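Input: a single structure, listed below in structure tokens.
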Amino acid sequence: EAQKETRGFQTEAKQLLHLMIHSLYSNKEIFLRELVSNASDAADKLRFKALTDDSLYEDDSELAIRITFDKDAKTLTISDNGIGMTREDVIEHLGTIAKSGTAQFLENLSGDEKKDSQLIGQFGVGFYSAFIVADRVEVFTRRAGVATGEGVHWECTGEAEFTVETIEKASRGTTIVLHLKPEAEEFADGWRLRSIIKKYSDHISLPVIMQKEAMGEDAENQEPEDETINSATALWTRSRSDISDDEYKEFYKHVSHDFEDPLSWSHNRVEGKLDYTSLLYIPAKAPYDLYNRDASRGLKLYVQRTFIMDDAEQFLPMYLRFIKGVVDSNDLSLNVSREILQKDPNIDAMRSALTKRVLDMLSKMAKNNPEDYAKVWSAFGEVLKEGPAEDFTNREKVASLLRFATTHTDKANQDQSLDQYLERMQEGQDKIYYVAAENFNTAKNSPHLEALRKKNIEVLLLSDRVDEWLMGHLMEYKDKKFQDVGKGQLDLGELDTEEDKKAQEESAKQHEDLVKRVKEVLESRVDDVRVTNRLTGSPACLVVGEHDMGAQMRRILEQAGQ
Ligand code: ADP
Ligand code: MG
């Protein structure tokens, strides 16, 4: 067991490592943020475990992160006394990439460094970012609660292999030693490190400690003294007016493991029947696994500032799964579990309030900052479209956030709201018309649109997979019903003039024989054949019965082999 063992990286880890080193060199300093963020997570995990077993503290409950450097040896060391890792943990977490969808993610890489570094940011850089500045990384770690003889030493030079070895380690937690590359020696410097910590990790609730720089004549003889570099208070517990935008942004990167700035956030303290603080963020880009069923989602849950769990899904509905952030409750018990969360009626109340908060944040952005909202829509629009089906109460509110392609612009870009549609409705129009097809061009060129185009009636052009599902649940918006123009006998109500109706009757009479013949030929393949005034250019079109499944839904089911 104790022997040194050499292992190969999983292929994907190898690729990711290579990519990391080559695409992030222009933003080297972020490695420190990632390692401090991991140390902070490790402290959170230990605190949580210690709630039920405080022997895990091993008489050392002052959790902290310590950073030291050695200019001569060109090393930088980041130490924590958090949860630590076992040999298996090390192999699993530092030798493989356990995330689902990694292979898929790698396939999307283009070779263009700029684009790839963005993608990798969305994927989460994490521990491997150490290799941006180091050509050799050593990890010394021991899991809280295990014998001192069960420490682990992991070492890697950022290439195909790493070694693991069981060692004696007196103190619990993890120490990471970076052997700096020649071009990264600048990081073995106290002032540089302080400024990076201030910039990226000030919000970390754990103290980040360094030795004071010795100064003056007798610098040599001074006793080294510790100082805490960061503010070391949980960011969300501070008052809004004391927190800068940059601090909010850095905190977002810590909780979301995202690399880019968020678009917006909302920070609130709720007091009264329920007492909690929430800090919710809208990301700028979709994560690579937004549509992966097993992807992590939800908020980070704290109870009275103690970390309880990641990915608490109970606080927001599925269609808001892209929202990141923290909720800190003063009412929940410290030993709350996922099962308890599912049953607790207070959670339902919090979920409604948080949902409302997010929807308000989105509405506000749509109104005041349409450019940002367009980004939200392009990243998360398809997910928001799940809203009306999932969340009956907020159906209308979600509907007001939807954006569509319509015959008004005739462009594929989904940028028109239902309110804009209502404003442009024709005199006497009492329905919102839409057509659904498998792609935008088919929708746009649908023969079903001909009569409406002639009368200048706007039609929503739907072509996303979820659209028909969405329409099945939306039904109406501000008392106007939705009408699929490809379904049943299209009744344009008051929009049809007397003349139209007369012409329709006449042509029906005129073509009676033709209709009969066509019916005979098509026999059992259609329900009915009738003359229509809906077409102006095309001779004929197929329509689906009023109560039948929509054409798009039918295709989806056919594809699924139904
Ligand atoms: P992430 O933080 O997104 O999970 P990382 O690549 O940053 O991904 O870290 C991978 C995993 O390695 C962590 O999830 C954790 O299990 C483990 N790990 C990294 N650093 C530490 C640490 N200082 N203490 C304990 N575990 C750690
Ligand atoms: Mg991390």
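Observations, loosely collected:
- Rg ratio (alpha-carbon, reference 2.2 N^0.38 Å) - region 166-290: 1.39
- Fully extending the segment from residue 274 to residue 146, taken as 0.36 nm per residue of separation minus the present Cα-Cα distance, adds 42.2 nm.
- Largest first, the extents of the alpha carbon coordinates of region 305-461 on the three principal axes equal 65, 29, 27 Å.
- Of the chymotrypsin sites (Phe, Trp or Tyr not before Pro) found in region 265-295, the ones in coil according to DSSP and having at most 13 other Cβ atoms within 10 Å of their Cβ are 291.
- Residue 465-residue 53 pseudo-label distance in nm [points 7 Å out on the Cα-to-Cβ vector]: 4.3 nm
- Long hydrophobic helices in the chain: the complete DSSP H runs spanning 27 Å or more by Cα along their own axis with mean Kyte-Doolittle hydropathy of at least 0.0 are 30-50.
- Length-normalised contact order for region 435-481 - Cα pairs under 8 Å, 6+ apart - percent: 42 percent
- R0 of 25 Å, Cβ-Cβ distance residue 455-residue 412: FRET efficiency to nearest 0.05: 0.60
- For region 380-460, convex hull of alpha carbons as volume per residue, Å³: 103 Å³
- Low-density loop cleavage sites - trypsin sites (Lys or Arg not before Pro) in region 27-94, where at most 12 other Cβ are within 10 Å (DSSP): 71
- Cross-link reach list, lysines versus residue 169, counting only Cα pairs under 18 Å and skipping chain neighbours closer than eight places: 4
- The chain - share of DSSP beta bridges that are antiparallel (%, nearest 5): 80 percent
- Counting 0.36 nm for each residue step from residue 423 to residue 393 and taking away their Cα separation leaves a gain of 8.4 nm.
- Viscosity 1.002 mPa s, temperature 20 °C, Stokes-Einstein D of region 383-424 from Kirkwood C-alpha radius, µm²/s: 196 µm²/s
- Where only alpha carbons of the chain are counted, the Rg and the Dmax (Å): 30.2, 112
- Mean separation of Cα pairs under 8 Å and 6 or more residues apart, divided by the residue count, gives region 286-440 a relative contact order of 16 percent.
- Here the relative contact order of region 181-288, from alpha carbon pairs under 8 Å that lie six or more residues apart, stands at 20 percent.
- Region 293-342 and region 144-222: distance between their alpha carbon centers, rounded to Å: 31 Å
- Along its first, second and third principal axes, ordered by size, region 1-47 spans 39, 35, 16 Å in Cα coordinates.
- Kirkwood Rh in Å, taken over all unlike Cα pairs in region 213-273: 15.1 Å
- Chain lengthening between residue 261 and residue 222 when straightened (0.36 nm per residue, less Cα-Cα): 9.8 nm
- Each 10 Å bin from 0 upward holds the following percent of the Cα-Cα pairs of region 235-367: 12, 46, 36, 7, 0.
- For region 147-195, fraction of C-alpha pairs farther apart than 16 Å, in %: 58 percent
- Exposure proxy ranking, count of Cβ atoms within 10 Å, fewest first, for 329, 463: 463, 329
- When peptides 511-518, 231-238, 316-323 are ranked by their average number of other Cβ atoms within 10 Å per residue, the highest-first order is 316-323, 231-238, 511-518.
- Inter-part distance where region 378-429 and region 451-491 are each reduced to a Cα centre, Å: 11 Å
- Sorting the segments 201-211, 447-457 by their mean number of nearby beta carbons within 10 angstrom, highest to lowest, gives 201-211, 447-457.
No value in this document is a laboratory result; all are computed from the given coordinates. Treat the numbers as computed from the prediction; the structure is a model and nothing was measured. Glycine also receives a Cβ, built like all others from the backbone with ideal geometry; neighbour counts cover every protein chain displayed.
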